[in-house]
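Take a look at the structure set out below.
The values are calculated or read from the model by the stated rules, or taken from the named source; none is laboratory data. Everything numeric here is computed off the predicted structure, so don't read it as measured data. Don't worry about glycine lacking a Cβ; one is built from the backbone with ideal geometry, like all the others, and counts go over all protein chains shown.
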Amino acid sequence: MTRQRQSQKDPRRLSSLLSPRHTIRIGTWNVRSMYQTGKTSSIAEEMRNYNLEILGLSEAGKCKLSTGETVLYSGHEDPSAPHTEGVALIISKQAIRTPISWEPFNSRLITALFKTSHRRINVRIIQCYAPTNEADESTKEEFYNALQSLIAWQGGKEVTILMGDLNAKIGGDNKRNRFKVLEDIRDEDGTIDTLWELLKSSWISTCEDTLGRQQSQNKDWISMDTLKKVRARKGKKERVNNSRTRAEKSQAQKEYDAGHKEARRSARKDKRCYIENLAKEAKDAAAKGNMKDLYYTTRKLAGKFRHVNHTIKDKQGNILTTTEEQLHRWVEHFGEVLNRPPPDEGTDIPEAEHLLPVNCAIPSRREISSAIRKMKDGKAAGTDNIPAEAFKADITTTTEVLHELFKSIWEDEKSPTEWKEGLIVKLPKKGNLRDCDNHRGITLLCTASKVFNRIVLERLRSAVDGRLRDQQAGFSQARSCADQIATLRIIVEQSTEWNSSLYINFVDYQKAFDSLDRPFLWKLLAHYGIPQKFINIIRNSYEGTTCKVIHEGQLSDSFEVKTGEPKCRTKPAFWKKGQEKLALFNSGSRRKIRVNDADIEEVESFTYLGSVVDTCGGTDADVANRINKARGAFHSLKKIWSSGSISTSTKLKIFNSNVKAVLLYGAETWRMTVKTARKLQSYVNHCLRRILKIHWTDKITNEELWEWTGQIPMVKQVRKRKWMWVGHTLRRPSNSITRQALRWNPQGKRKRGRPKNTWRRDTEKEMKALGKNWKELQQLAEKRRQWRQFVDGPCSNLEPGA
């Protein structure tokens, strides 16, 4: 609606809107269109509930009101216009005679003049609906110019009230050129380091101006009231020590004892409140399905955080106490770990005759955008101090800026110098933490380098994985630990049954990622047919790599890294190739295997991927090991089980995620005997009764216990996990080793008598009870939905011993 200079007068007698004796209420509301059935009545009802004399509406659309209030509306003139924008002022019945004049300015502005008890002063109310920040610049400029002229246009003495939906955003100045950095990079003719520094400084300054530095989130659970009581107790203790007579000391001691009890009582109350708050957080996380927060809160409730040992030992066993000495020791330790001596004899690896079909073009915007989205939040940044969340805040702009940088890196085959520097964070392992060898280091890298390396990894993965042998399962998709454990158990059991000789050699690579020789790696990449463009880029990213150690909030001196892969996101793929090729080239030797002039130890059992495998292939040792580990996990959470503020449902969710998951690791490969099932069920029942606080004298059957807790018998649960894994295996290619192991028989001869039960024999027995054979199961497994119904139905309902 166009602006009209003539005012629309109300001919009736006016009353005053403002006076010293009365209080009025004025409100504003973005109703997001009144063109809905019952919306006007609802607005009028809310206006009466809040006792509002005047209510300003934004985004009112086209409004009509029949409840007695007066509506002053300003919107689109055309009757066929969309029901968007529009502003209005609703005047209550009590204030219906207060307006002097009003003016519909446009579809975003309306103003009205009201009389007050003072004859020379009036009140002007302006209701507005501002365009959002995403609107066109011309639309925003037109609105603010109109608003400015409306505020400046006053007749006499007026009190101006501006209200409405201004679509404001909290933060810094949003009037910025989002592509200013991109323009600067395109105009910059400097080196890649110069481009990266320009890009990094822009991101850091924007994050600091908008977000600021993160403050410590650690909160002390002791309240200020308790601290006051502790200080008062300290003063009373001083009076006890300064007493001159026995009577004074006796009286002071009584006061101190009373203060001591009060302080301890208050501290216990604070700790109880702290535990209850953590329990509430755990309950909320469990309700939302946020397992990350649930696990973190569970660790806090259980007190499972390690205390940092601030002293370490040098090579001679002397304790180092000063930070400077410790920093020097850490540099010495990681310098040795990351700078291994080269092999005595180089291996001649021929180059591939044909290169792999890998895309060698400049990284596309789609690849960059996809890599940014795959970055995980909440991860520590490297030397650039730029978190992944900063890249994700505006993926479009980030993609455009990084595209220019990655283009230069790809063409020049050189990485920024800062990308070659990492920050090592120490993580404690088991054992004496004063020994540096009982720590492992992780390297914090620049976030932009992770994006670039992810693009390189994704391009190489599809081409390289097809060249790897099926036996190589590390860091590979669709190849789980259960596959490897089951394959090994079946091989051992079948070899035992058929009296076939079997020799298994387990090789544990010490500091595997840190000891790989880099010249060997470059030869290996060429041997697999990796294009020279990728080899040059990867080699340059390794040349001149350095690291610093973070210790006690300080950084050590920089030291060079010459071996291993401490800094590349593609290291899982590279390590697979190195591991496989080393095995192939050393497999031709027939000499007896010795390590440091000593024979390799022969053992009856070995822990393989967390599962205990013995010479007979049985599962009794592994089941006992899992029960012991689950018992430790359950005991570490005793504060949760005894807490009265945590609901039973939340406790059961914690039990399933933190205890039962530990207990049933590798259960797909277990041969369930009556003895094994009894052990597992007995332990689970014991835990459930502890959680529900059921005394041994209470006559509660196991069936009632399972019904209360929503549990199923362990025999059925293990059987379901096994058949789900069988379906996964049957869907694998026919040349898969895991699938072949299901029906593999070695050359040999069985012993006389009844054959010993094995995992495969029990599985085939259950398969026969279900009326199926391997061919029928394979056809059914291809249909995932039908297979899940098959597992949840017939498989779960099998009788024990079927």
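Observations, loosely collected:
- Restricting region 328-348 to residues that are part of a loop (DSSP other than H, G, I, E, B) and within 41 Å of the chain's Cα centre (by Cα), the residue that is modelled with the lowest pLDDT is PRO343.
- Top-ranked residue of region 132-164 - restricted to ones that are polar (S, T, N, Q) and assigned to a loop (DSSP other than H, G, I, E, B), ranked as farthest from GLU85 (Cα to Cα): GLN154
- Boolean, LYS420 is surrounded by fewer than 18 Cβ atoms within 10 Å (Cβ to Cβ) and either more than 18 Å from GLU552 (Cβ to Cβ) or not basic (Lys, Arg) (or both): no
- Within region 689-699, restricting attention to residues that are of a type in the set (A, V, I, L, M) and in contact (Cβ under 8 Å) with a residue 24 or more places away in the chain, the residue that is surrounded by the fewest Cβ atoms within 10 Å (Cβ to Cβ) is LEU692.
- Qualifying residue in region 439-448 (condition: hydroxyl-bearing (Ser, Thr, Tyr) and either in the same structural domain as SER201 (by the TED database) or surrounded by fewer than 17 Cβ atoms within 10 Å (Cβ to Cβ) (or both)): no
- Every condition in (1) under 25 Å from ARG785 (Cα atoms); (2) surrounded by fewer than 18 Cβ atoms within 10 Å (Cβ to Cβ); (3) not hydroxyl-bearing (Ser, Thr, Tyr) is met by HIS728 except one, and the failing one is (2).
- The requirement of being within 25 Å of LYS675 (Cβ to Cβ), surrounded by 14 or more Cβ atoms within 10 Å (Cβ to Cβ) and among the aliphatic types (A, V, I, L, M) is fulfilled somewhere in region 633-641, by at least one residue.
- Single residue of PRO713, PRO746 found to be more than 18 Å from GLU799 (Cα to Cα) and either of a type outside the set (Ser, Thr, Tyr) or assigned by the TED database to the domain that holds SER647 (or both): PRO746
- Among (1) part of a loop (DSSP other than H, G, I, E, B); (2) touching a residue at least 24 places away in the same chain (Cβ under 8 Å), the one test that PHE406 misses: (1)
- Yes/no for ASP384 being at pLDDT below 90 and either surrounded by 13 or more Cβ atoms within 10 Å (Cβ to Cβ) or over 19 Å from VAL456 (Cα atoms) (or both): no
- Total residues in region 647-665, condition outside any helix (DSSP H, G or I) and under 25 Å from the mean Cα position of the chain (by Cα): 2
- Region 273-296, subset free of Cβ contacts under 8 Å to residues at least 24 places away in the same chain and among the charged types (D, E, K, R), residue surrounded by the most Cβ atoms within 10 Å (Cβ to Cβ): GLU281
- Residue in region 120-135 that is loosely packed, with under 14 Cβ neighbours inside 10 Å and either of a type in the set (D, E, K, R) or modelled with pLDDT of 85 or more (or both) present: yes
- Candidates GLY644, GLY617 - the one that is at pLDDT below 95, assigned to a loop (DSSP other than H, G, I, E, B) and within 25 Å of TRP725 (Cβ to Cβ): GLY617
- Qualifying positions in region 676-688 - free of Cβ contacts under 8 Å to residues at least 12 places away in the same chain and of a type in the set (D, E, K, R): ARG678
Residue-wise test of (1) part of a helix (DSSP H, G or I); (2) among the hydrophobic types (A, V, I, L, M, F, W, C); (3) within 44 Å of the chain's Cα centre (by Cα).
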position: GLU197; (1), (2), (3): yes, no, yes
position: ARG213; (1), (2), (3): no, no, yes
position: ILE222; (1), (2), (3): no, yes, yes
position: THR226; (1), (2), (3): yes, no, yes
position: ALA247; (1), (2), (3): yes, yes, no
position: ASP257; (1), (2), (3): yes, no, no
position: LYS271; (1), (2), (3): yes, no, yes
position: ASN277; (1), (2), (3): yes, no, yes
position: LYS280; (1), (2), (3): yes, no, yes
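- Filter pass, ARG626 being buried (at least 16 other Cβ atoms within 10 Å of the Cβ) and not in a helix (DSSP H, G or I): no
- Qualifying residue in region 700-707 (condition: buried (at least 19 other Cβ atoms within 10 Å of the Cβ), under 37 Å from the mean Cα position of the chain (by Cα) and not in a loop (DSSP other than H, G, I, E, B)): no
- All positions within region 746-763 that are surrounded by fewer than 16 Cβ atoms within 10 Å (Cβ to Cβ) and either part of a helix (DSSP H, G or I) or aliphatic (A, V, I, L, M) (or both): ARG761
- Scanning region 582-598 turns up one or more residues that are at pLDDT below 65, surrounded by 13 or more Cβ atoms within 10 Å (Cβ to Cβ) and not in a loop (DSSP other than H, G, I, E, B).
- Residue within region 212-224 that is surrounded by 12 or more Cβ atoms within 10 Å (Cβ to Cβ) and in contact (Cβ under 8 Å) with a residue 60 or more places away in the chain present: no
- Being modelled with pLDDT of 80 or more and at positive phi is true of GLY164.
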